[in-house]
Amino acid sequence: MNRIQTYEKLNGDEIKPSIQKFTKFLERIKVWNPDIEKKFESLEWKEEDNGFVYFPSTYFGFHKTDFSEIKVRPHLLAWTPAIDKTFKNNWISYELLIETGTIRNLKNGNYEEFTFEFIKKLTKEMAMEFNQTGIYFTDEVQDGEDFDGIRTTDSNKLWSFDYALIPKKLKELYGEKPKHYNINESDNWIESWNSNSWYEKIDTTDSQQRTEAINK
């Protein structure tokens, strides 16, 4: 399972203002519907013994977006300081889950040719609502590593993604990029992708123009 994910610090256990941002994002990509709306209205903060707060994301189902026939599934998960000392506050993650077989060539491991633009569009839409951390496109191995890297300032984990939009305010934290990562910078964002993972060479000039459009 691949996913597009971002993270937001909460004010105590108040989740509604933050979830409203995710709602706007889902509405904009045409995933929102009455069934999901009803389930979102029933979401509540219930901390488990392990420090996590689980939400019934499995019931949200897979849906087509406004950009492709590829289906995605909304997913939420929250963390509390009870998990370990790296958590100073409550945090929540917002994700779109994507079946790996629909976007990746399982024989050679590279993403299909159409995947890059699809991921860019969804990431750009999510960045309109969230900018506390980056917006990361990851696989099962990378899942959550970026968030661990932010909390622990572990440079190896910080670059554990295949594509990301990173707020410019976090540039110092990320430091020098690994050799196999490409970078485009705009006024507010750093766009980066792992060149080893993609089907073909990306047109960086065109990519730069699209990244700058986020700020307009």
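The values are calculated or read from the model by the stated rules, or taken from the named source; none is laboratory data. Keep in mind that this is a model prediction, so the values were computed, not measured. Every residue, glycine among them, receives a Cβ derived from its backbone with ideal geometry; neighbour counts consider all protein chains shown. With ligands, DNA and RNA removed, areas are computed over all heavy atoms of the protein, side chains included. Shrake-Rupley method; radii C 1.70, N 1.55, O 1.52, S 1.80 Å.
Brief remarks follow.
- The phi-based Karplus calculation (6.51 cos²θ - 1.76 cosθ + 1.60; θ = phi - 60°) puts the 3J(HN,Hα) values of the stretch 63-74 at 9, 6, 9, 6, 10, 6, 7, 5, 8, 10, 10, x Hz, whole numbers, x for Gly and Pro.
- Cα gyration tensor category, rounded, prolate or oblate, for the stretch 32-167 with a/c compared to 1.5: oblate
- Portion, in percent, of the accessible area of the chain that falls on carbon or sulfur, probe 1.4 Å: 45
- Cα shape, the stretch 82-139, gyration tensor, a/c 1.5 rule: oblate
- Simple label model, 7 Å out from Cα along Cβ direction - Val141 to Ala82, nm: 3.4
- If R0 equals 22 Å, the separation of the Cβ atoms of Asn50 and Asn196 corresponds to a calculated FRET efficiency of about 0.05.
- The charge dipole of the stretch 72-183, taken about its Cα centre with unit charges on the Cβ atoms of Lys, Arg (+1), Asp and Glu (-1) only, comes to about 380 debye.
- Distances between placed amide hydrogens fall under 5 Å for Lys64 paired with Val72, all partners being 5 or more residues away or on another chain.
- Our coupling estimate for the stretch 2-12, obtained by passing each phi through the Karplus curve with A = 6.51, B = -1.76, C = 1.60 and θ = phi - 60°, is 9, 7, 9, 9, 9, 9, 9, 6, 9, 8, x Hz, Gly and Pro reported as x.
- Estimated from helical segments only, the mean residue ellipticity of the chain at 222 nm is -7500 deg cm²/dmol, where each DSSP H run of four or more residues counts as -39500 (n - 2.57).
- Derived scalar couplings between HN and Hα for the stretch 176-189 equal 7, 6, x, 4, 8, 10, 9, 9, 10, 10, 10, 4, 10, 9 Hz in order, rounded to whole Hz, by the Karplus curve 6.51 cos²θ - 1.76 cosθ + 1.60 (θ = phi - 60°), x for Gly and Pro.
- Between Arg104 and Glu112, the built amide H atoms are under 5 Å apart, and every one of these is 5 or more places off in sequence or on another chain.
- With the simple model of a label 7 Å out from the Cα in the direction of the Cβ, Asn188 to Asn156 spans 3.5 nm.
- Per residue, in Å², the accessible surface of the stretch 80-203 once ligands and nucleic acids are set aside, probe 1.4 Å: 47
- Protection proxy ranking, peptides 36-44, 152-160, average beta carbon neighbours within 10 Å, highest first: 152-160, 36-44
- The listed peptides 170-183, 103-116, ordered by packing as a protection proxy, come out as 103-116, 170-183 (highest mean of other Cβ atoms within 10 Å first).
- Between Asp13 and Asp148, the FRET efficiency estimated from the beta carbon spacing at R0 = 22 angstrom works out to 0.50.
- Simple label model, 7 Å out from Cα along Cβ direction - Lys39 to Phe62, nm: 1.4
- Compared with the direct C-alpha span, the chain from Lys71 to Asn108 gains 11.1 nm at full extension, assuming 0.36 nm per residue.
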